[in-house]
Each structure stands twice: as structure tokens, then as C-alpha cells.
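The values are calculated or read from the model by the stated rules, or taken from the named source; none is laboratory data. Quantities reported herein were computed from a predicted structural model and do not represent experimental measurements. Neighbour counts run over all protein chains shown; Cβ positions are idealised from the backbone, glycine included. Surface areas here come from the heavy atoms of the whole protein model, side chains and all, with no ligands, DNA or RNA. Shrake-Rupley method; radii C 1.70, N 1.55, O 1.52, S 1.80 Å.
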Amino acid sequence: MSEPTTTSQTDEQGTADRGSNRSHRPASTAFKNFVMSQWAPRAELGLTPSAAEAYTGARRAALSERLPGVRLVIPAGSLKTRSNDTDYRFRPHSAFAHLTGLGTDQEPDAVLVLHPVEDGAGDDGSGHHAVLYVRPLAPRDNEEFYADARYGEFWVGARPSLADVEALTGIEARHIDGLGDALAKDVGDGGVRLLVVTGADDAVEALVEELRLEAGEDEDALTDEALVEATSELRLIKDEYEIAQMREAVARTIEGFEAVVRALPRAVAHRRGERVVETTFDGHARLEGNAVGYETIAASGEHATTLHWIRNDGEVRSGDVLLLDGGVEVDSLYTADITRSLPVDGEYTEVQRKIYQAVLDAADAAFAVAKPGTKFRDVHAAAMEVIAARLEEWGFLPDGVTAADALGDDGQQHRRWMVHGTSHHLGLDVHDCAQARRELYLDGVLEPGMVFTIEPGLYFKADDLAVPEEFRGIGVRIEDDVLITADGNENLSAALPRDPDAVEAWMASLRG
């Protein structure tokens, strides 16, 4: 990997500056004059409004209506250090992406600010005017052009200009250097209050807090939590654009599962077969989308009983069930989240099929109640009724405990083999809308436009003495992505087989 260069040294060099000790960038005036000269005019990017631009204005207006008269600060976030002076690939904060339409690795350090205005005088008749504060493309007579390894065009490519940002998003764009003054305007006693989405950008949070302290804002007034909550709850119901993006993410994810099935012989032959599975799926996600929406779970055999197994360093053995939990995140940052439990040899054993069918029956029971008017928690309850009944039938519950006993609040013994929930909202985040209030999430009523998972499972660990030996070391989860419609639901991932016979036939067709 290339590195920035410099010849500047000091006699008393602090540790923070010692990263440049390896470097040799010229500092002469002759070099600077030459490197900044004789460049052809930059070609116009020719950006046009993004597909999301037609929807983001309504999202901002809804946020404006919920928090009138308050200056709302939504950072994209900053680059995150991976190690020393290298960064992770940037991904904007989901609230920022939702309100601007910017995806992929667009605009680190940018901040969306909704400035309060007189009622009805703002964007689209709302009570706020939106401004994007960004770090635009630096001119080539600016040292940043060639010397800044984090932002310079020589190092990371050309960024859009302010005009480009406005064309893409439909939002007024200003230079990030003006953010401090813009946030400070009219803040104070009897003036504007500042709210910031926390957890996105520490520097922006610190700036907001400094301005609050200087202005002596009332500590008992509205808090940042109100903004975090609002931006999360705005995503509970998806608009047409979001649903289309979810369909795209699901389609690309199903292709990734197909690629994994084709790669299974190679996985079985490799000492780290789970890594073969992981890299096959992740490579597909990077080629056909932005990345994976979360770390892929490629868990074979006993590893499938660890719910979030992402080490993926084990073998994929003949006779195992491979639990693959993956999602492709498309360029707009919407992600799928699908799980299938696949027989490595292409056919389930009798016990594997028995467990699989129980999980499938639980999932089908959850689908049956997932419709408008049902509470979100009822989807989980329907799945658990099946799980508890099946465990009672198999004799796995403690002596004297029935399925009905286990389902009571004072029981829950069946949850030993499924400690996670059956569903979570899905969208820009794999666990979307996570800051929504309980009454709108767990106790919320299902409405058309909601997208969430249905994912029951059963996990019998290798050392679990509460079950017969033939069950031990088997983990099964079946996860689909569900859209609530006006009269029921649509399984967005139905194109990926679920029935055990269909799974076996599908695998056979892919493996020739």
C-alpha cells in the first residue's frame, strides 16, 4: 500500500508525528509549483438526481414535523481507523443515508443540518431548510490535492464539488468549514436548540456540546435521544423506493447462496472450508452490491449452534449441516438477511430433517399471523408455540413440564434451544429501527410497508446432555425477509427454497 511522504523532521518529535519517519515527500518550492501545474481541466461529473432523491424530501419533512423549531444535526460519520494510519472503507450512518439518499462510501465527514424556519417556509412547505455541509473537491493549487493521504485527490480520487452534491441530492450544499458558525447561529436563551444524532461522529457531537455549554441551554429540555429515536422510527414503514431496494438486495443475496452451493466441494476439500463459503458469498456481495450487510455466518456442524459464528475458520465436513446466514448490501445500503441450513452432502439425514421440519413449521406458523393488525410480538409467539410443542413431543422438556407450561412467563424452558427472537426489522441496518420505542417495535401493530425477518431455529450443542446424542452438534435456522402488504404478507426471499425436499432438489440442480 502506498504511503504519504515527507522530508520534514524535528529534533523533538512526538509519537503522533512519527508515522512520517518512513516517508520522503519533497518539501521544496520547486516540487510544489511543479506538482500543482500543467493539469488538464477536470471533466464534469455530470451528476443527476439519484433515484432516492424523489423520496428523501418527504422523509425530511416527516422529521421536521416531529421536531419543529429545533436545529437537527445528522452526521454521516467520519473515517474509522483500522490500524495505525489506515482506515476502514467508509459507510455513512444509516440516518444520514435515509435522509439524503447517499449510499456506498459517499461523503465522509458530511453533516446534514435541518435549520428551523418559519412554519411552512421551509423545504416542500416544512418547518426546516436542509443544508448539506461537505468537504468538496480541493483545487489543484491546494496542497491537499497531492499531500493529504486521507482526502487528497492523488490518494483517494476526486470528490464531488458542491454543485455535484446539490445535483445528486437536491439539497443545498455548503463547505464543511462553515458548519460551526451555522450551528451556532441564534443558539442560546430564547433561541434555537440543537439536537444531534449521537454515535455517528464524535467531533460533531463535541462541537454541538460545546455550543450548548456556551449558550447555557436548558439541560431539562428536549435531548438528543428524541432525534435518534425519530430517525429510527421514520424507517419502520418503508416507501416504494426502499421496498424496491430490498427486493434488489434479496435477489443478489439468493445469487450468493447459489454460488456457495456450487463451491461446497471446494469447501469440503479445504482445511478452512467455512472461509471458502464466506469468501464465496462476500466476493459475490462486493461484485454485485456494495458489500455484505453484516459479517457472514458460515457455520458448519457444531459451529452452527453458535448464533453469531463469524470466525468461520472451521472445516465443512461431509454429513454436516451448513448454516449460512448472509445478506448482500446494495449500493443504496439496504441489505437482505437470509439464512438457510444446507446439508453439505446434498441430502439431510433423518435427524437433521426432523429438526429442519420443526423449524420450518415454526416459521410457517409465524408467516400465518404476520399481517396488518397483528402485533409484532405475536409473530414470535406463533413460532414458539410450534417449537415448544415439538420439544415436548420429543421428550426434551424437563420432567412434568408441558409445552403450555414452558410457554408461560414462569417457564420458558423451550428457549434453551432458541434463545434469540424470531424477528427484527430490516432495511438500511440489518437490525433496522433499533432505537424505536418498545410500543412501536415489540408491542407495535404491523402495518403495510414494514419489512422484517422471520427466523426461528433450534440449536443443540455438542455437549448438551439434555438431548439424545444423535441431536447434538446440529444447528438449524431458516430465515426469510417479509414485507407486510395490505392483506397479508409477501415472502421477499421465497425464490430461495425452504422445504427440505425442495432444498435438496435445488442443491442437486446447482451441483450438476
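Values computed for the structure shown
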read-out	value
Where 332, 83 fall by accessible area, highest first, once all protein chains stay in place (1.4 Å)	83, 332
Pairwise centroid distance, computed over Cα atoms, of the range 96-124 with the range 44-60, Å	11
Filter on 238/375; 238/371; 375/461 - keep pairs with C-alpha separation over 22 Å	375/461
By average C-beta atoms within 10 angstrom, highest first, the peptides 447-455, 490-498, 333-341	333-341, 447-455, 490-498
Sorted peptide list for 188-194, 273-279, criterion being average Cβ within 10 angstrom, highest first	273-279, 188-194
Loop-located chymotrypsin sites (Phe, Trp or Tyr not before Pro) in the range 23-120, at most 12 other Cβ atoms within 10 Å (DSSP)	39, 88
Percentage relative contact order, the chain, counting C-alpha pairs under 8 Å, at least six apart	12
Aspartates and glutamates whose Cα lies under 20 Å from that of residue 32, excluding same-chain neighbours fewer than 8 positions away	3, 141, 143, 144, 148, 153
Listed residues 331, 124 arranged by accessible area, highest first, probe 1.4 Å	124, 331
Over the range 157-314 - Rg/Rh using Cα atoms and the Kirkwood inverse-distance radius	1.14
Principal axis dimensions, largest first and in whole angstrom, of the range 208-261 by Cα	60, 24, 14
Over 16 Å [Cα-Cα, the range 223-291], rounded percent	62
Label-point separation in nm, residue 434 to residue 313, each point 7 Å along Cα→Cβ	2.5
Computed Rg/Rh of the chain, alpha carbon atoms with Kirkwood Rh	1.03
Among 256-262, 432-438, the order from most to least packed when residues are scored by Cβ within 10 Å on average	256-262, 432-438
Surface/4 estimate of mean projected area, convex hull on alpha-carbon atoms of the range 100-245, nm²	10.8
Those GluC sites (Glu not before Pro) in the range 111-202 that DSSP places in a loop and that have at most 16 other beta carbons within 10 Å	118, 143
Inverse of mean 1/r across different Cα pairs in the range 15-118, Kirkwood, Å	17.8
Extreme residue, positive dipole direction of the chain, given options 127, 27, 465 (C-beta unit charges)	27
Förster radius 45 Å - calculated FRET efficiency between residue 226 and residue 142 (Cβ-Cβ, nearest 0.05)	0.70
Set of lysines with alpha-carbon distance to residue 185 below 25 Å, sequence-local pairs under 8 removed	none
Cα coordinate range in the range 345-410, projected on the principal axes (Å, largest first)	42, 34, 12
Whole-percent carbon and sulfur share, accessible surface of the range 424-470, 1.4 Å	52
For the range 408-430 versus the range 279-338, the gap between their alpha-carbon centres in whole angstrom	20
More than 20 angstrom apart: percent of Cα pairs within the range 94-177	39
Residue-span extension gain [residue 16 to residue 36] - 0.36 nm each, minus C-alpha spacing	4.4 nm
The chain, dipole about Cα centre (Lys/Arg Cβ +1, Asp/Glu Cβ -1), debye to the nearest 20	1620
